[in-house]
Every structure is written in C-alpha cells, then in structure tokens.
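J.: Have a look at the structure that comes next, please.
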Amino acid sequence: MHRVFREFIDAIVGAEDAEGFSNALAKTASALDLSCFAYLALKSEENRKPRLISTYPSRWTAHYLNKKYHTIDPVIREALQNPEPFRWGIDFRSQTSSMAQRQLFDEAAQFGIRFGFTVPIHDGHGPISALTFATDESRPQFERCIDSYARVLQLMALYFHAHVRRKLGNEYGLDGIRLSRREVECLEWAAQGKSSWEIGCILGISRNTVAYYLENAKEKLGVRTMAQAVTRLAAANRKKQI
C-alpha cells in the first residue's frame, strides 16, 4: 500500500488537467481492485454544473449532469450531512422516499453502479465535494480494500481534492467552454507568436507538453487551427473588457 500511495501522490502532483487527475486516480483504483470512481465537487452557484472527474461510463455521467441528479442523489445528500466516509448499496434505494431517487438508483444500476464507498470532503472553502469508489456488486476484494484501507482512501480523497481545487479551480470560461490554466497560458503565449519550444522554456515544461495543451484547447473550442483558437481567446478577452 505504501508504494501505491507514493505513486498516487507523485501522479497528482504532476497532474495539470482533469484528464491527468483522472488517469492518476484510475491507476490507483485499479491497483487496489476498486473498479470505477467519481469525484464530484458542487459549485456555489446553483445554476452551475458540478465538477465531475470520473471513470464511470460517460453516457451515465452525461445523463447524471443533464438531469441535475446531484440535487436529489441520496449519496450526495448523505455526504452533505455526514463528514465521515460511508458505504452504500441496494439498501440505499429502499430508504429513498421519492420516485425520482429510486429511478436514479435504477438507472445507475444499469451502468454497473450498485455499491460504493464515499468519502465526503468538507474543507470550509465552499460546497462539499465527494469521492466515491463504486462497483457493480459486493465483491470480496472491494470489501477487503475498504475494510483495510478506509482511512488511507480518505487521505487520498483529501489530497486529490486539494490538488484539483488548487490547479483547476481557476479554469477559464470561454463561451461556456472550460479551459485549464495551462491551456490558457499556452494559448496566450501562442497569441504573442511564441513557438511551442519557446512557450515550454517560459513555462518550464516540455515542447511536447505545450503541444498537448494547445491541441486540447483546439479540441475543446471546436476549431482546427491555432489561429482560430487564438482568435476565439482574443474575442473573449475583448468581451470581458467591455
């Protein structure tokens, strides 16, 4: 467990975007036989979608967010009231009082999410966050890991949350599209005519890493060229100044 924990810390320290954080935790979860996970961070503004970093099936997470299920999810409601980690399963469905909540559990089960271990995160800096490890059935290896390492998993959740909040908390909104701090930094230097090599020297990262952030930014913005991405960024900056 010490090796897994050390590798986890090294990975999240080096992560710079949601994909990096997802990969870091996915590798750790796999090493511990914990199947899939979901990190959900609620926002202060009611109309804003929560941040979700997850290895749950993408069809389910998109449906969950579109339906705003976080507002009725019994697991999230328990996390709001209880700062201690807790397990949940099919018994949670029987305890729910509304048809919508029962439907949520039924739909989640269709995607293999039936049992879980959730770590609530109350850090005093805003709405709660929660990290959940889930599985399709009550597997012995899953239960053994929770029994043996519940407190270590809680510590991992806190580390994960702290680094996500620090590195992704200042994401840049561009016409409703979220760009990471690094993606915006690379775009801004590219707008000044800097090459990937020059940007890498300025930011202390490799040329290949710069290219990775610029490609991510173009994909998120739905453009094909760097000139188009830079134009979108410039237009957004002008709007902010008006």
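The values are calculated or read from the model by the stated rules, or taken from the named source; none is laboratory data. Model, not experiment: these values are computed from the prediction. Note that we place each Cβ from the backbone using ideal geometry, even for glycine, and neighbour counts take in every protein chain shown. Accessible surface areas use protein heavy atoms only, side chains included; no ligands, DNA or RNA. Shrake-Rupley method; radii C 1.70, N 1.55, O 1.52, S 1.80 Å.
J.: If the Cβ limit is 6 Å and pairs must be 6+ apart or interchain, which residue in the stretch 207-221 that is closer than 16 Å to TRP189 by Cβ pairs with which residue that is modelled with pLDDT under 90 and open to solvent by 50 Å² or more (accessible area, probe 1.4 Å)?
T.: Hits for this filter: zero, empty list.
J.: What pairs come out if I take residues in the stretch 11-35 that are in contact (Cβ under 8 Å) with a residue 12 or more places away in the chain and pair them with residues that are outside any loop (DSSP other than H, G, I, E, B) and of a type in the set (D, E, K, R) whose C-beta lies under 6 Å away, six or more apart or interchain?
T.: GLU16/ARG182
J.: Right, here's the next one. How many residues, within the stretch 205-225, are assigned to a helix (DSSP H, G or I) and out of contact with any strand residue (DSSP E or B) (no Cβ under 7 Å at 6 or more places or on another chain)?
T.: Counting residues in the stretch 205-225 that are assigned to a helix (DSSP H, G or I) and out of contact with any strand residue (DSSP E or B) (no Cβ under 7 Å at 6 or more places or on another chain) gives 12.
J.: Here is a check on your reading of the model: is SER35 at pLDDT below 95, at negative phi and open to solvent by 40 Å² or more (accessible area, probe 1.4 Å)?
T.: It is false that SER35 is at pLDDT below 95, at negative phi and open to solvent by 40 Å² or more (accessible area, probe 1.4 Å).
J.: Could you please tell me which pairs satisfy a Cβ distance under 7 Å, a separation of 6+ or placement on different chains, a first residue in the stretch 85-96 that is closer than 28 Å to VAL152 by Cα and open to solvent by 90 Å² or more (accessible area, probe 1.4 Å), and a second residue that is in a strand (DSSP E or B) and aromatic (Phe, Trp, Tyr)?
T.: Filtered contacts from the stretch 85-96: ARG87/PHE117.
J.: Find the residue count for the stretch 72-91, including only residues that are basic (Lys, Arg) and assigned to a strand (DSSP E or B).
T.: Count: 1.
J.: Moving to a separate point now. Give the residues of the stretch 174-204 that are in a loop (DSSP other than H, G, I, E, B), over 23 Å from the mean Cα position of the chain (by Cα) and closer than 24 Å to VAL164 by Cβ, sorted by residue number.
T.: Listed by number, the list holds a single entry, GLY204.
J.: Name the helices (runs of 4 or more DSSP H) wholly within the stretch 1-71 that hold at least 3 residues that are within 10 Å of the chain's Cα centre (by Cα) and under 23 Å from ASN216 (Cα atoms)?
T.: 18-31
J.: With the structure loaded, tell me whether PHE86 is touching a Pro at 6+ places or on another chain (Cβ under 9 Å) and among the aromatic types (Phe, Trp, Tyr) or whether it fails that test.
T.: yes
J.: For PHE105, all conditions in the list (1) farther than 19 Å from GLN154 by Cα; (2) open to solvent by 40 Å² or more (accessible area, probe 1.4 Å); (3) of a type in the set (Phe, Trp, Tyr) hold save one; what is the number of the exception?
T.: Tallying (1) farther than 19 Å from GLN154 by Cα; (2) open to solvent by 40 Å² or more (accessible area, probe 1.4 Å); (3) of a type in the set (Phe, Trp, Tyr), PHE105 fails exactly one: (2).
J.: Quick check: anything in the stretch 180-194 in contact with a Cys (Cβ under 6 Å, 6 or more places away or on another chain) and more than 25 Å from ALA29 (Cβ to Cβ)?
T.: No: the stretch 180-194 contains no residue that is in contact with a Cys (Cβ under 6 Å, 6 or more places away or on another chain) and more than 25 Å from ALA29 (Cβ to Cβ).
J.: Something else now. So THR209 clears everything in (1) open to solvent by less than 30 Å² (accessible area, probe 1.4 Å); (2) under 24 Å from the mean Cα position of the chain (by Cα) except one condition, right? Which one?
T.: THR209 satisfies every listed condition except (1).
J.: Something else now. Looking at (1) surrounded by 14 or more Cβ atoms within 10 Å (Cβ to Cβ); (2) at pLDDT below 90; (3) of a type outside the set (Asp, Glu); (4) farther than 30 Å from GLU84 by Cα, can you tell me which one ARG139 breaks?
T.: (4)
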